[in-house]
1. Kindly provide the set of residues from the stretch 66-103 that are outside any helix (DSSP H, G or I) and surrounded by fewer than 17 Cβ atoms within 10 Å (Cβ to Cβ), ordered by number.
2. What do you reckon, is ALA95 under 22 Å from LEU126 (Cα atoms) and in contact with a helix residue (DSSP H, G or I) (Cβ under 9 Å, 6 or more places away or on another chain)?
3. Could you look through the stretch 96-114, keep only residues that are of a type in the set (A, V, I, L, M, F, W, C) and within 11 Å of ALA65 (Cα to Cα), and pick out the one that is farthest from the chain's Cα centre (by Cα)?
4. I'm trying to understand the selection: among the residues of the stretch 52-63, which are within 20 Å of GLU27 (Cβ to Cβ) and either in a loop (DSSP other than H, G, I, E, B) or in contact with a strand residue (DSSP E or B) (Cβ under 7 Å, 6 or more places away or on another chain) (or both)?
5. Is it the case that ALA95 is over 16 Å from LEU30 (Cα atoms) and aliphatic (A, V, I, L, M)?
6. Quick check: is even one residue across the stretch 64-78 modelled with pLDDT of 95 or more, more than 18 Å from ALA41 (Cβ to Cβ) and out of contact with any strand residue (DSSP E or B) (no Cβ under 8 Å at 6 or more places or on another chain)?
7. Is it the case that the stretch 49-65 has a residue that's more than 19 Å from LEU115 (Cα to Cα), among the β-branched types (Val, Ile, Thr) and either touching an Asp or Glu at 6+ places or on another chain (Cβ under 8 Å) or surrounded by fewer than 16 Cβ atoms within 10 Å (Cβ to Cβ) (or both)?
8. When you check ALA45 against the structure, is it touching a residue at least 60 places away in the same chain (Cβ under 8 Å) and either over 24 Å from ARG24 (Cα atoms) or out of contact with any Gly (no Cβ under 6 Å at 6 or more places or on another chain) (or both), yes or no?
Amino acid sequence: MSIQENRTKQELVPVGRPMTFMTREREALLCAIARHIASAAFDVALCEIERPDRAARETAAARQAAMYVAHVVFQVAPTSVGREFGRDRTSVGHAVRLVEDRRDDRAFDERLDRLESTAISCLSLLRPKDDR
């Protein structure tokens, strides 16, 4: 079945390298998982991370880390991450760059390593895309 034929059944979005496809439902789920993990890791209320407006420094850092995890660990496309976070894709790119720049700070890097490990563990609990 070609991608075009399959689109009538589900909206598929190309993501990651090598090119794979992910449903919007799965993208939304992965972004939600990233928000929950970042909320716990940064001790910031989930509702603060989900707010559409600007936020305090610690909340912004948690949101940026969640976007980083969604894009880098879960391989969700920046446009899709932006949609799920109520942001533009360029904001996602900015968040990813900020997080990568902060990795020079040992404490932040260790926190992010734990966050990534947790995200990978959560990902392993999800059913593979092929089983759906």
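The values are calculated or read from the model by the stated rules, or taken from the named source; none is laboratory data. Just so it is clear, the structure is predicted and the values come from calculations on it, not from any experiment. FYI the Cβ positions are ideal-geometry reconstructions off the backbone, even for glycines, and counts take in every protein chain you see.
1. Within the stretch 66-103, GLN75, GLY86, ASP88, ARG103 meet the criteria.
2. Values: under 22 Å from LEU126 (Cα atoms): no; in contact with a helix residue (DSSP H, G or I) (Cβ under 9 Å, 6 or more places away or on another chain): yes.
For ALA95, the condition - under 22 Å from LEU126 (Cα atoms) and in contact with a helix residue (DSSP H, G or I) (Cβ under 9 Å, 6 or more places away or on another chain) - is not met.
3. Step one: of the stretch 96-114, the residues of a type in the set (A, V, I, L, M, F, W, C) are 96, 98-99, 107-108, 112.
When the remaining residues are screened for being within 11 Å of ALA65 (Cα to Cα), the result is 96, 98-99, 108, 112.
Values: VAL96: 10, LEU98: 15, VAL99: 13, PHE108: 18, LEU112: 13 Å.
Among those that are of a type in the set (A, V, I, L, M, F, W, C) and within 11 Å of ALA65 (Cα to Cα), it is PHE108.
4. PRO52 - this is the single residue of the stretch 52-63 that is within 20 Å of GLU27 (Cβ to Cβ) and either in a loop (DSSP other than H, G, I, E, B) or in contact with a strand residue (DSSP E or B) (Cβ under 7 Å, 6 or more places away or on another chain) (or both).
5. Yes.
6. Yes: the stretch 64-78 contains one or more residues that are modelled with pLDDT of 95 or more, more than 18 Å from ALA41 (Cβ to Cβ) and out of contact with any strand residue (DSSP E or B) (no Cβ under 8 Å at 6 or more places or on another chain).
7. Our first condition is that a residue be more than 19 Å from LEU115 (Cα to Cα); within the stretch 49-65, this holds for 51-56.
Subset that is among the β-branched types (Val, Ile, Thr): none.
No, that holds for no residue.
8. In short, no.
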